[in-house]
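K.L.:
Mind looking over this structure? Questions follow.
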Amino acid sequence: MDIHDPDDKSGSAYYLAPPVSDLDLVSVGRGTAGGELLRRYWHPIAVASEIRDVPMVLRALGEDLILFKTPAGSFGLVYPRCCHRGTTLYYGKVEERGIRCCYHGWLFATDGRCLEQPCEPGGGEKRDSYRQPWYPVEERYGLVFAYLGPPDRKPVLPSYEPLEILKPGESIEADGTSIGSGGDAIAPCNWFQHWENVIDPYHVAVLHSSFSGIQFIAEMAQMPEVSFEPSPLGIRSTQIRRKDGKRFRRVTEVAVPTLRVVPNPFAAAFNQPVETLGWVLPIDDTHYRIYTAGRVTRSGGLLPLPKDFKGSRRRWQDMSAEERQRKPGDWEAQVGQGPITFHSEEHLASSDRGIAMLRRLFRKQVEIVAEGGNPVGTVFDQNDAMVRFEAGNYLEEQS
């Protein structure tokens, strides 16, 4: 019996049906519906400046991989088990031409080609027959991006207008912490639970304001007038509030594959392009990480605060469990849905229109890939690779 059966008046949890998750939305592994869609795009997997002279182990889209950077500045991303005898390349030595296995010294280039086999006659007369499984990587905006999909469908890595047009004194800074959610860098829940939160502006007035105290600025506590509309790569929400006798228009966007285009919630600047772009990296089905790149005028200034800002919440790292319980933020709300939320137990309302639009869009792209097509936003000519957004904070005269 369903809990909402009109013949059942008790509302007892005893009648709850077995919960179900929408696998098209939450799956990230190779061969899954959602995972194959995600593999048709580039994803940030690391902050470039954090890659040192030793290999780095990472996990992305459910795959364990080894990332390294040669002294010449080239990045390589390879399968962790050496194709010779299977030991991990985590203990490999990074050299000018690639990464050398610690076990028998096989040397692999950044594209996996075997360059040397020191234990074999002539240094490996048949070395060209061997190749370490690898993925393409590119550095941009201080981040390392990887493409984990089918080689014959690899799109060009997009450029993003908000990060391309810099004013005097501005530079690009990258970050791999939990900007946008609070909490640890790696969140223990499915990536989609965070991504769709971006297109839910109503929670700002409740979770970030009336429930937990003013976490941003006082104007954000207003219940906004909200409209949703499709954008070229996703869904856009426009929120209208009032500030200083003017109209405070805030535009937020989500864009495939995992982009969160959120203007500064502290509204430190108005009437300019959105300062930062964030990508939600699905680590696996039950973990994600946010990578961010943005325009800054000083180091550590990805989210500049207004000079008179006085927030009500301490840094997440400094809060006790009870403090987080009394003043929760995005981290608590999203992780609180469980490792993978149960979509069968949801009851979407009119305020969730943006969520419904985003889910329909994502499922449509899953269908396109399953039918052999190219999903939205995948371009194969660099001349068509510039992505533009309308997101930002705007202070306008009352109409």
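The values are calculated or read from the model by the stated rules, or taken from the named source; none is laboratory data. All values reported here derive from a predicted model rather than from experimental measurement. Every residue, glycine as well, gets a Cβ built from its backbone with ideal geometry; the counts of neighbours run over all protein chains shown. Note: areas computed on protein heavy atoms with side chains; ligands, DNA, RNA excluded. Shrake-Rupley method; radii C 1.70, N 1.55, O 1.52, S 1.80 Å.
K.L.:
Which residue pairs have Cβ atoms under 9 Å apart, sit 6 or more places apart or on different chains, and have a first residue in the range 252-279 that is on the phi > 0 side of the Ramachandran plot and a second that is assigned to a loop (DSSP other than H, G, I, E, B) and of a type in the set (A, V, I, L, M)?
P.N.:
Every condition considered, the pairs that remain are Ala267/Ile217.
K.L.:
Could we say that Glu36 is within 30 Å of Ile290 (Cβ to Cβ) and either outside any strand (DSSP E or B) or open to solvent by 10 Å² or more (accessible area, probe 1.4 Å) (or both) here? Break it down stepwise before answering.
P.N.:
On the way: within 30 Å of Ile290 (Cβ to Cβ): yes; either outside any strand (DSSP E or B) or open to solvent by 10 Å² or more (accessible area, probe 1.4 Å) (or both): yes.
Against the criterion (within 30 Å of Ile290 (Cβ to Cβ) and either outside any strand (DSSP E or B) or open to solvent by 10 Å² or more (accessible area, probe 1.4 Å) (or both)), Glu36 qualifies.
K.L.:
Residues of the range 206-250 being among the charged types (D, E, K, R) and farther than 26 Å from Ala356 by Cβ, which ones? Break it down stepwise before answering.
P.N.:
Pass one, the range 206-250, residues among the charged types (D, E, K, R): 219, 225, 229, 236, 241-244, 246-247, 249-250.
Residues satisfying the conditions are Glu219, Arg242, Lys243, Asp244, Lys246, Arg247.
K.L.:
Go through the range 340-360 and report how many residues are more than 26 Å from Pro188 (Cβ to Cβ) and open to solvent by 40 Å² or more (accessible area, probe 1.4 Å).
P.N.:
5
K.L.:
Could we say that Glu50 is at pLDDT below 95 and within 21 Å of the chain's Cα centre (by Cα) here?
P.N.:
Against the criterion (at pLDDT below 95 and within 21 Å of the chain's Cα centre (by Cα)), Glu50 qualifies.
K.L.:
Being touching a strand residue (DSSP E or B) at 6+ places or on another chain (Cβ under 7 Å) and open to solvent by 70 Å² or more (accessible area, probe 1.4 Å) is the filter here; which residues of the range 376-398 pass it?
P.N.:
Met386, Glu390, Glu397, Gln398
K.L.:
Within the range 180-197, restricting attention to residues that are closer than 17 Å to Ala293 by Cβ and more than 11 Å from the chain's Cα centre (by Cα), which residue is least open to solvent (accessible area, probe 1.4 Å)?
P.N.:
Selected residue: Ser181.
K.L.:
Sticking with this structure for a sec: Filter the range 39-64 down to the residues that are open to solvent by less than 30 Å² (accessible area, probe 1.4 Å) and either among the polar types (S, T, N, Q) or in a helix (DSSP H, G or I) (or both) and list them by number.
P.N.:
Ala48
K.L.:
In addition: What's the number of the condition Cys114 fails, among (1) surrounded by fewer than 20 Cβ atoms within 10 Å (Cβ to Cβ); (2) at negative phi?
P.N.:
(1)
K.L.:
Now a separate question. Restricting to the range 200-225, count the residues that are surrounded by 14 or more Cβ atoms within 10 Å (Cβ to Cβ), in contact (Cβ under 8 Å) with a residue 60 or more places away in the chain and not acidic (Asp, Glu).
P.N.:
Number satisfying all stated conditions: 12.
K.L.:
Filter the range 226-261 down to residues that are open to solvent by 30 Å² or more (accessible area, probe 1.4 Å), of a type outside the set (Asp, Glu) and part of a loop (DSSP other than H, G, I, E, B) and give me whichever is nearest to Phe145 (Cα to Cα). Even if it seems obvious, please write down each step before you answer.
P.N.:
Residues of the range 226-261 that are open to solvent by 30 Å² or more (accessible area, probe 1.4 Å), as a first pass: 226-227, 229-230, 232-233, 242-247, 249.
This time we only want the ones that are of a type outside the set (Asp, Glu), so: 226-227, 230, 232-233, 242-243, 245-247, 249.
In the following step, the residues that additionally are part of a loop (DSSP other than H, G, I, E, B) were identified as 232-233, 245.
Values: Pro232: 22, Leu233: 19, Gly245: 44 Å.
In this case the residue turns out to be Leu233.
K.L.:
May I pose another question? Could we say that Pro18 is more than 12 Å from Asp285 (Cβ to Cβ) and either part of a loop (DSSP other than H, G, I, E, B) or among the hydroxyl-bearing types (Ser, Thr, Tyr) (or both) here?
P.N.:
Working: more than 12 Å from Asp285 (Cβ to Cβ): yes; either part of a loop (DSSP other than H, G, I, E, B) or among the hydroxyl-bearing types (Ser, Thr, Tyr) (or both): yes.
Yes.
K.L.:
Is one or more of the residues making up the range 309-332 surrounded by fewer than 13 Cβ atoms within 10 Å (Cβ to Cβ) and within 27 Å of Arg242 (Cβ to Cβ)?
P.N.:
yes
K.L.:
Of all residues in the range 26-60, how many are in contact with a Gly (Cβ under 6 Å, 6 or more places away or on another chain) and in contact (Cβ under 8 Å) with a residue 60 or more places away in the chain?
P.N.:
Going through the range 26-60 one residue at a time, the tally reaches 7.
This table checks each residue for (1) surrounded by 19 or more Cβ atoms within 10 Å (Cβ to Cβ); (2) over 19 Å from Ala48 (Cα atoms); (3) touching a Leu at 6+ places or on another chain (Cβ under 7 Å); (4) among the hydrophobic types (A, V, I, L, M, F, W, C).
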residue: Ile66; (1), (2), (3), (4): yes, no, yes, yes
residue: Cys101; (1), (2), (3), (4): yes, yes, yes, yes
residue: Trp106; (1), (2), (3), (4): yes, yes, no, yes
residue: Thr110; (1), (2), (3), (4): yes, no, no, no
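K.L.:
Turning to a different aspect of this structure: Can you name every one of the helices (runs of 4 or more DSSP H) wholly within the range 282-370 that holds 1 or more residues which are among the charged types (D, E, K, R) and either at pLDDT 95 or above or within 25 Å of Ala174 (Cβ to Cβ) (or both)?
P.N.:
330-335, 353-370
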